[in-house]
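First comes the structure, then the notes that go with it.
The values are calculated or read from the model by the stated rules, or taken from the named source; none is laboratory data. Keep in mind that what you see is a predicted model, and the values were worked out from it rather than measured. Cβ placement follows ideal geometry from the backbone for every residue including glycine, while neighbour counts extend to all protein chains displayed. Keep in mind that these areas ignore ligands, DNA and RNA; they rest on the heavy atoms of the full protein, side chains included. Shrake-Rupley method; radii C 1.70, N 1.55, O 1.52, S 1.80 Å.
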Amino acid sequence: MSKLWGGRFTKQTNHLVEEYTASINFDKALAEEDIQGSLAHVTMLGKCGILPEEDVETIKEGLITVLHKIRAGEVEFSVSDEDIHMNIEKNLIETIGPVGGKLHTGRSRNDQVATDMHLYLRERVVGFVGMLHALQEALIGQAKDNLDTIVPGYTHLQRAQPILFAHHLMAYVSMFQRDAERLMDSYKRINVLPLGAGALAGTTFPIDRHFVAEQLGFDGVYENSLDAVSDRDFIVEFLAAASLIMTHLSRLSEELVLWSSTEFGFVELDDAFCTGSSIMPQKKNPDVPELVRGKTGRVYGNLIGLLTVLKSLPLAYNKDMQEDKEGMFDTVATLEGALQLFAPMIATMKVNKDRMRQAVNQDFSNATDIADFLVGEGLPFRQAHEVIGKTVLYCIQNGKYLLDLTIEEFRQFSELFDERIYDVLQPEAVVNARNVYGGTASGQVAEAIGRSEKVLEITEQWIKNRG
């Protein structure tokens with residue numbers, strides 16, 4: 001039989017079955033990790049006296065040769081060999097002869113594929129923390145440039161209270177910091193070695209799992225062989241973290257789409273991150289944030305898909321678990337594409353400070369401060385709320401804004417008003433009145449930027465330690 005496992009069978013596999021069950025079309029992405037794991041495994045087989053050193057050296061040289069061929073595009077992967085593990089082993093045997101068949105001593109494809117995915121995600125998680133770091137730096141850079149830029153703050157997409165644009169941007173810095181911390185925490189569960197668990201029960205060979213873990217840079221090994229080959233929690237956790245990152249990117253994307261519209265005119269995205277219309281020459285479309293917003297759904301789908309695969313599986317490995325990879329690869333590619341674009345797009349974004357100020361001057365977002373003024377004069381808040389509601393209604397009916405009213409007009413609604421109200425209503429006063437930790441006052445935002453920069457230094461060190 002041509003199959004490496006074919007001794008048990010009397011018939012060739014139906015070609016439709018081969019095509020349906022093969023995973024090589026997507027798990028070939030694990031080629032580097034598979035050879036990396038195999039090199040550590042065969043080194044351990046030699047150390048433990050399970051294979052003679054001459055065989056170990058021959059296999060290692062063969063694996064490196066196969067790796068170079070794969071990198072050069074000289075290996076043609078075959079569906080008949082099912083997956084990346086069998087394709088590499090088949091190529092190894094063709095390269096060095098029957099001794100290549102000794103590589104699989106003391107392991108199964110079940111613990112082998114799990115090891116490959118741990119290696120694969122470990123590297124990608126570090127990379128994504130770095131990409132989030134770059135995005136946070138871009139946001140902080142814009143925040144520093146806009147510490148005096150006031151913009152309407154919104155609730156229900158209705159103007160609520162004036163805030164610093166820097167404060168708005170720093171909210172996303174905080175979101176992406178939580179995202180980075182989730183990834184960094186997940187690294188602890190990714191960086192555990194399943195190899196040595198065999199098919200499900202371990203192996204009869206006197207292997208040294210901790211030596212392999214040390215060779216591959218893992219912090220430890222799985223405590224239970226059944227768990228080692230059937231655990232996909234680490235992938236689910238990554239997909240969940242990726243879904244939250246995409247959620248935050250999508251929220252920021254929505255705001256960029258709105259802010260760059262003619263109706264808002266708050267920002268302009270650089271030409272390098274926009275496209276035009278095939279029929280309307282005046283158009284400049286924010287395609288990058290729109291597409292990120294749209295691609296968020298596919299990442300959610302990959303998470304739900306894997307959870308659904310896992311929900312009814314008995315221990316240990318089942319063929320269903322082959323469905324763990326395509327969604328993971330797709331999420332990695334989707335998230336990588338979004339994060340690579342977002343940092344430079346934010347860094348090159350132009351902020352229309354005058355348009356933002358005009359928007360603040362032509363709304364009633366400073367109304368809450370009038371209520372606070374009246375409360376300070378002894379009026380209960382609920383009564384102050386009603387007074388301001390009537391004042392705003394009067395302004396709307398008369399085509400005015402609060403700063404347009406005379407003191408006499410103010411005093412129609414409460415005798416507690418005096419000339420101080422005009423200072424209270426100035427946008428800068430409204431913003432800086434929120435001088436509490438985490439608030440929008442300029443001093444508080446400047447301190448928040450300083451704290452975030454210190455956190456980013458810690459993150460940068462974490463990346464370097466695992467780079």
So how exposed is residue 219, as accessible area in Å² (1.4 Å probe, rounded to 10)? 120
Given chymotrypsin sites (Phe, Trp or Tyr not before Pro), DSSP loops and at most 11 other Cβ atoms within 10 Å, the longest exposed-site-free stretch of the chain is 10-436
Just to check I understand the Karplus step: with θ = phi - 60° and J = 6.51 cos²θ - 1.76 cosθ + 1.60, what whole-Hz values come out for the range 274-281, glycine and proline as x? 10, 10, x, 9, 6, 10, 10, x
Compactness of the range 287-426, expressed as Rg and Dmax over alpha-carbon positions, Å: 27.6, 80
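Take the Cβ-Cβ distance between residue 451 and residue 181 as r, set R0 to 22 Å, and report the resulting FRET efficiency rounded to the nearest 0.05.
Working: r = 14 Å, r/R0 = 0.66.
That gives a FRET efficiency of 0.95.
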Under the rule of -39500 (n - 2.57) per DSSP H run of 4 or more residues, summed and divided by the residues of the chain, what mean residue ellipticity at 222 nm is obtained, to the nearest 500 deg cm²/dmol? -20500 deg cm²/dmol
In nm, to one decimal, how far is the modelled label at residue 319 from the one at residue 383, with both set 7 Å along Cα→Cβ? 7.9
Under 20 Å between alpha carbons, and skipping anything fewer than 8 positions from residue 390 in its own chain: which aspartates and glutamates qualify? 363, 369, 372, 377, 404, 408, 409, 415, 418, 419
List the lysines whose Cα sits under 24 Å from the Cα of residue 311, skipping any in the same chain fewer than 8 residues away. 188, 319, 325
Got a sec to turn the phi values of the range 394-410 into Karplus ³J(HN,Hα) couplings, 6.51 cos²θ - 1.76 cosθ + 1.60 with θ = phi - 60°, whole Hz, x for Gly and Pro? 4, 4, 4, 5, 10, x, 10, 10, 4, 6, 7, 6, 7, 5, 5, 5, 4
Using DSSP, restrict attention to beta bridges with both residues in the chain and report what percent are antiparallel, rounded to the nearest 5. 80
What part of the accessible area of the chain, given as a whole %, is carbon or sulfur when the probe is 1.4 angstrom? 52
What angle do you read, to the nearest 10 degrees and between 0 and 90, between the alpha-carbon axis of helix 233-259 and the longest principal axis of the chain? 30
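Determine by what factor the alpha-carbon radius of gyration of the chain differs from 2.2 N^0.38 Å, reporting the quotient.
Rounded to two decimals, the normalised Rg is 1.33.
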Between the DSSP loop rule and a limit of at most 15 other Cβ atoms within 10 Å, which trypsin sites (Lys or Arg not before Pro) in the range 374-467 are left? 400
Could you give the longest part of the chain that holds none of the GluC sites (Glu not before Pro) found in DSSP loops with at most 14 neighbouring Cβ atoms within 10 Å? 77-222
What accessible area per residue, rounded to a whole number of Å², is obtained for the chain using a probe radius of 1.4 Å? 48
With DSSP loop assignment and no more than 16 other C-beta atoms within 10 Å, the trypsin sites (Lys or Arg not before Pro) in the range 280-377 are 283, 284, 311
Scaled radius of gyration (Cα, divided by 2.2 N^0.38 Å) that the range 157-285 gives: 1.72
Kirkwood Rh and Cα-based Rg: tell me the resulting Rg over Rh for the range 27-113, rounded to two decimals. 0.94
Calculate how steeply helix 367-376 sits against the longest principal axis of the alpha-carbon atoms of the chain, using the helix alpha-carbon long axis, and give the answer as 0 to 90 degrees to the nearest 10. 60
Candidate lysines for bridging to residue 353, where Cα separation is under 27 Å - those fewer than 8 sequence places away on the same chain excluded: 144, 283, 284, 400
Given backbone amide H placed at 1.01 Å from N, residues whose amide H is under 5 Å from that of residue 196, ignoring those fewer than 5 places away on the same chain, are 108
Let me have the relative contact order for the range 153-272, percent, based on Cα pairs under 8 Å that are six or more residues apart. 23
May I ask for the distance between the Cα centers of the range 169-192 and the range 300-365, given as a whole number of Å? 13
For helix 325-347, report the angle its Cα long axis makes with the longest principal axis of the Cα atoms of the chain; keep it between 0 and 90° and round to the nearest 10°. 40
Give me the number: length gained by fully extending residue 68 to residue 80, i.e. 0.36 nm times residue separation minus the C-alpha to C-alpha distance, one decimal in nm. 2.1 nm
What FRET efficiency would be calculated for the residue pair residue 347, residue 12, taking the C-beta separation as r and a Förster radius of 56 Å, to the nearest 0.05? 0.45
